[in-house]
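Please read the structure below before turning to the comments.
The values are calculated or read from the model by the stated rules, or taken from the named source; none is laboratory data. What you are looking at is a predicted structure, and each value in this text was computed from that prediction instead of being measured. So basically every Cβ, Gly included, is an ideal-geometry build from the backbone, and we count neighbours across all protein chains shown.
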Amino acid sequence: MIIAGDVGGTKCNIALFAEKNGKLDVLFRQRFASKDFAKFDLIIKEFVRQATPHMNGGKVRAAGFGVAGPVINNRIHATNLPWVIEAATLSNELGVRSIALMNDLGAWGHSLEHLSPEDIVVLNPGKAVTGASRALLAAGTGLGESILFWDGERYRVVPSEGGHSDYAPHTDQQIELLKFMRKRYPQVSWELILSGRGFRTIHEFLGPDAKHPVFEDLDADPAPFITKSALAKECPVCVQALDLWTEIYGAEAGNLALKVLALGGVYVAGGIAVKILPKMKDGTFFKFFKDKWHFSEMLSNIPVSVVVNESAPLIGAAHEALASLGG
């Protein structure tokens with residue numbers, strides 16, 4: 001059996017998989033609120049307690065975890081959590097030698113070869129170049145970016161912290177957004193905009209006098225309200241905020257495609273894209289994706305897809321754990 005986890009700033013999804021002939025099936029899964037635990041080890045301990053009745057006497061052989069943060073010497077200091085996660089500690093906690101610790105985008109990336117067609121929504125069919133690099137980005141609690149390269153046998157995932165690089169405005173309106181945000185932050189990164197928290201910032205930029213009750217609750221996340229109101233066209237400022245957010249997301253996806261020459265395709269993952277899928281599909285995202293002057297034609301030929309299976313990181317982490325056993 002394999003234990004796999006998708007560890008994020010808001011939630012941790014953990015699952016127990018049974019393996020047979022290289023195929024993995026979920027036996028048990030549980031979701032934990034990240035803020036409810038002082039450290040990740042406690043989540044693992046609680047998960048094992050709940051999962052034990054489902055093991056039927058079987059033994060966990062390996063575990064894999066995708067975590068939002070850079071992996072350095074099998075250790076991750078989570079980006080949006082006060083946690084340090086170490087492979088050695090997890091090995092002792094679970095009683096297994098094989099721990100595959102990876103960046104959260106690595107978990108998404110490793111899942112791509114194991115997803116079914118219904119797990120993918122195509123924004124631009126394009127024409128993939130065999131063996132060419134791929135790009136992956138995912139907006140959620142934060143913004144993750146990654147590169148996939150073909151090693152001759154399979155795609156390998158190169159981690160990145162590109163979401164924390166400097167935001168580059170694309171239009172006059174986006175230049176004004178940068179000026180607005182520079183008054184609040186010492187550095188304006190892509191992640192400050194292309195994450196859940198970015199929706200309120202953009203809303204306040206576009207309509208400083210437009211208030212909603214959810215804004216009064218300091219513990220509430222206004223992003224779901226803004227996006228739902230925008231899709232239902234119930235609030236003009238929310239509609240504008242979602243439009244601008246999607247434009248910026250498309251522009252940065254195009255930037256990443258250029259940087260890694262992602263002629264093998266670009267994949268958009270993360271919880272936000274799934275929740276705003278009608279907006280992702282209306283052409284706004286791809287319009288700004290390909291709007292790169294001399295390179296518009298090249299970018300128009302790149303396949304662009306949204307991963308709609310939100311369990312993909314669990315699948316990717318589990319398969320990497322299996323691979324660590326030589327399976």
Helices (runs of 4 or more DSSP H) fully within the stretch 184-257 counting 1 or more residues that are small (Gly, Ala, Ser) and within 21 Å of ASP166 (Cα to Cα) | 196-206
Just one of ALA269, ALA317, ALA257, ALA273 is touching a strand residue (DSSP E or B) at 6+ places or on another chain (Cβ under 8 Å) and outside the structural domain of ARG156 (by TED's automatic domain parsing); which is it?
-> ALA317
From VAL48, VAL26, VAL60, grab the single residue that is modelled with pLDDT of 90 or more and part of a loop (DSSP other than H, G, I, E, B).
-> VAL60
Restricting attention to the stretch 247-280, which residues are among the β-branched types (Val, Ile, Thr) and touching a residue at least 40 places away in the same chain (Cβ under 8 Å)?
-> ILE248, VAL260, VAL266, VAL268, ILE272, ILE276
Hey, does the stretch 130-147 have a residue that's loosely packed, with under 14 Cβ neighbours inside 10 Å and not in a loop (DSSP other than H, G, I, E, B)?
-> no
Hey, can you tell me all the residues within the stretch 195-254 that are within 16 Å of GLN174 (Cα to Cα), in contact with a Phe, Trp or Tyr (Cβ under 9 Å, 6 or more places away or on another chain) and β-branched (Val, Ile, Thr)?
-> THR201, ILE202, THR246, ILE248
Could you tell me which residue of the stretch 287-306 is surrounded by the most Cβ atoms within 10 Å (Cβ to Cβ), considering only residues that are among the aromatic types (Phe, Trp, Tyr) and within 17 Å of ALA273 (Cβ to Cβ)?
-> PHE289
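Residue-wise test of (1) of a type outside the set (A, V, I, L, M); (2) part of a strand (DSSP E or B); (3) surrounded by fewer than 18 Cβ atoms within 10 Å (Cβ to Cβ).
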{"position": "LEU42", "(1), (2), (3)": "no, no, yes"}
{"position": "THR52", "(1), (2), (3)": "yes, no, yes"}
{"position": "ILE76", "(1), (2), (3)": "no, yes, no"}
{"position": "ALA100", "(1), (2), (3)": "no, yes, no"}
{"position": "GLY106", "(1), (2), (3)": "yes, no, no"}
Is it true that some residue in the stretch 172-179 is at positive phi and either buried (at least 16 other Cβ atoms within 10 Å of the Cβ) or of a type outside the set (A, V, I, L, M) (or both)?
-> no
Collect the residues in the stretch 258-274 that are crowded, with 18+ Cβ neighbours inside 10 Å, out of contact with any helix residue (DSSP H, G or I) (no Cβ under 6 Å at 6 or more places or on another chain) and either among the aliphatic types (A, V, I, L, M) or more than 12 Å from GLU145 (Cα to Cα) (or both), keeping them in residue-number order.
-> VAL260, ALA262, LEU263, GLY264, GLY265, VAL268, ILE272
Filter result (surrounded by fewer than 20 Cβ atoms within 10 Å (Cβ to Cβ) and touching a residue at least 24 places away in the same chain (Cβ under 8 Å)) within the stretch 307-327 | VAL308, ASN309, GLU310, SER311, ALA323, SER324, LEU325, GLY327
